[in-house]
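The values are calculated or read from the model by the stated rules, or taken from the named source; none is laboratory data. What you are looking at is a predicted structure, and each value in this text was computed from that prediction instead of being measured. Here the Cβ positions follow ideal geometry from the backbone for every residue, glycine too, while neighbour counts run over all protein chains shown. These area figures cover heavy atoms from the full protein model, side chains too; ligands, DNA and RNA do not enter into them. Shrake-Rupley method; radii C 1.70, N 1.55, O 1.52, S 1.80 Å.
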Amino acid sequence: MGFSLVFGAYLIREWTHRRVLYGDRSPLSIELAQQFLSQRHGFTMFTWSTSRWWFESLYMAAIVVSVLLFLGWHTRTMSVLFMLMVLSVENRNMFVADGGDGVLHLMAIYLVLTRCGEVWSLDARRRRRMPGGSADTRLPRSVPGRSGPVLWVLSGGLLACAQLSGLSGGMLAWGAPTGWLSLHGWAAVLWTFWACAGLTYGFERLNRNRDLQAVLDGVGVMVHNCAMAVIAVEVCLIYSVAGWYKIQGPLWEDGTAVYYPLHLAYYSPWPALSHALTADSHVVFLITYGTVLLQVAFPFLVFNSRCKKALLAALMVEHTCMGVLLGLPFFSLAMIAADAVFLPTRSLLRAAEALSRLRKRLIRQKTQR
């Protein structure tokens, strides 16, 4: 929900500049973008056609996919489409990316392997309302509706058309054969996701063996846990590398590093607020050293149940201040969404209960009026 919200909000914010950043008016032409992608083996659908309707359709589709993933509508398919949209947008013009885009790029790939629609989603709501459905995510799933298989067939048809028609320009090639067929490249990745989704739908709809369903569900849980572990390690690496690099800098060592970006016009959307914050050298010193300490200590303290909540709260406050003072809202939101992976389940459930009580109270007040 967090990453889809960040990406969707970014696309809407850049709506008026979309053609300059990623479309036909971009300084980075499609030919140049294709040359960069051929060297990096990147994926983007924006270079498949030079027509404007193709670009506008893909841009709108990226917004729609972000909204559907945020709502949790068929997250199994939407997570794959979300990954393709994130890669397509960012690889179309990689020179306008920042740290937030890098985090979103990685997390969009990892989300495909997670069960990101188990609790707060339309999928979970639909499963609970179906006959035999349950709110306990540890039990085997109920039989899905018709829209899931229909969406699976439609996505497979579109993938086949894009590959067989040559629309992708070789981006969906299977790879150069070396003896046996070398199954590598984006075609193999996407068809593998498609086949796994089809097997899952088939077992859920046709197989009545509860034991086999439980085994398959256990495999899915294992893949989900591995992906969550990779996300956790990635976040730890981000903070630890950033912290250790800061330690090596003389400006961070003498406690003045925060002063300089707050006085750059490019990173000062609120100059008066930035100048007021840096007017006292003691405040600058505390913020500088506090930032380094939080980032260096993160991998060591985040797995301590006593220190984790305070550490996450401090980092989220820090990212919020960075988003406001430095004008980096999407980078800050992306990091806050990544930090939320470590939030305790009990805290998330309490937040959900509080929001549910607030919603019921508002509905009751509205009906009384």
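When the test is whether a residue is more than 23 Å from A227 (Cβ to Cβ), modelled with pLDDT under 95 and buried (at least 21 other Cβ atoms within 10 Å of the Cβ), F55 passes it. Listed by position, the helices (runs of 4 or more DSSP H) enclosed by the range 10-91 that each have at least 3 residues that are among the β-branched types (V, I, T) are 52-71.
With respect to S155, is the statement that it is over 22 Å from D217 (Cα atoms), at pLDDT 70 or above, of a type in the set (S, T, N, Q) and open to solvent by 60 Å² or more (accessible area, probe 1.4 Å) true? Quick ask: steps written out before the conclusion?
Working: over 22 Å from D217 (Cα atoms): yes; at pLDDT 70 or above: yes; of a type in the set (S, T, N, Q): yes; open to solvent by 60 Å² or more (accessible area, probe 1.4 Å): no.
Here the answer is no, as S155 does not meet what is asked.
Summed over the range 12-25, the residues that are more than 16 Å from S49 (Cβ to Cβ) and surrounded by fewer than 14 Cβ atoms within 10 Å (Cβ to Cβ) give a count of 5.
Given the structure, is L328 modelled with pLDDT under 90 and either touching an Asp or Glu at 6+ places or on another chain (Cβ under 8 Å) or polar (S, T, N, Q) (or both)?
Details: modelled with pLDDT under 90: yes; either touching an Asp or Glu at 6+ places or on another chain (Cβ under 8 Å) or polar (S, T, N, Q) (or both): yes.
When the stated conditions are applied, L328 passes them.
Can you name every residue in the range 273-294 that is among the β-branched types (V, I, T) and under 15 Å from S240 (Cα atoms)? Of everything in the range 273-294, those that are among the β-branched types (V, I, T) and under 15 Å from S240 (Cα atoms) turn out to be T291, V292. If you go through the range 79-111 and keep only what is buried (at least 20 other Cβ atoms within 10 Å of the Cβ), aliphatic (A, V, I, L, M) and either in contact with a strand residue (DSSP E or B) (Cβ under 9 Å, 6 or more places away or on another chain) or within 20 Å of V64 (Cβ to Cβ) (or both), you end up with V80, L81, M83, L84, M85, V86, V89, L104, M107, A108, L111.
Determine if the range 26-33 includes at least one residue that is within 25 Å of N225 (Cβ to Cβ) and either open to solvent by less than 40 Å² (accessible area, probe 1.4 Å) or among the small types (G, A, S) (or both). There is no residue in the range 26-33 that is within 25 Å of N225 (Cβ to Cβ) and either open to solvent by less than 40 Å² (accessible area, probe 1.4 Å) or among the small types (G, A, S) (or both). Name every residue in the range 254-269 that is under 30 Å from the mean Cα position of the chain (by Cα) and outside any helix (DSSP H, G or I), in order of residue number. Across the range 254-269, the qualifying residues are L264, S268, P269.
Has the range 108-121 got any residue that is aromatic (F, W, Y), in contact (Cβ under 8 Å) with a residue 12 or more places away in the chain and assigned to a loop (DSSP other than H, G, I, E, B)? Give the steps one after another, and end with the answer.
Of the residues in the range 108-121, the ones aromatic (F, W, Y) are 110, 120.
Cutting the leftovers down to in contact (Cβ under 8 Å) with a residue 12 or more places away in the chain gives us 110, 120.
Checking which are assigned to a loop (DSSP other than H, G, I, E, B) leaves us with 120.
Yes: the range 108-121 contains one or more residues that are aromatic (F, W, Y), in contact (Cβ under 8 Å) with a residue 12 or more places away in the chain and assigned to a loop (DSSP other than H, G, I, E, B).
The residues in the range 210-253 that are closer than 30 Å to F285 by Cβ and either assigned to a helix (DSSP H, G or I) or open to solvent by less than 70 Å² (accessible area, probe 1.4 Å) (or both) can be counted, and the count is 18. Checked against (1) within 19 Å of W191 (Cβ to Cβ); (2) open to solvent by less than 10 Å² (accessible area, probe 1.4 Å); (3) in contact (Cβ under 8 Å) with a residue 40 or more places away in the chain; (4) among the polar types (S, T, N, Q), S66 passes all but a single condition, namely (1). Residues in the range 269-291 that are modelled with pLDDT under 90 and of a type in the set (S, T, N, Q): S274, T278, S281. Among the residues making up the range 270-283, those that are over 21 Å from D98 (Cβ atoms), assigned to a helix (DSSP H, G or I) and open to solvent by less than 60 Å² (accessible area, probe 1.4 Å) are L277, V283. Pairing each residue of the range 300-316 that is of a type in the set (A, V, I, L, M, F, W, C) with any residue that is open to solvent by less than 50 Å² (accessible area, probe 1.4 Å) and not in a helix (DSSP H, G or I), provided the two are 6+ apart or on different chains, yields C-beta distances under 7 Å for L311/V302.
Restricting attention to the range 321-333, the residues that are within 18 Å of G243 (Cα to Cα) and in contact (Cβ under 8 Å) with a residue 12 or more places away in the chain add up to 2.
Is it true that some residue in the range 97-107 is out of contact with any Cys (no Cβ under 8 Å at 6 or more places or on another chain), modelled with pLDDT of 90 or more and among the charged types (D, E, K, R)? No, the range 97-107 has no match at all.
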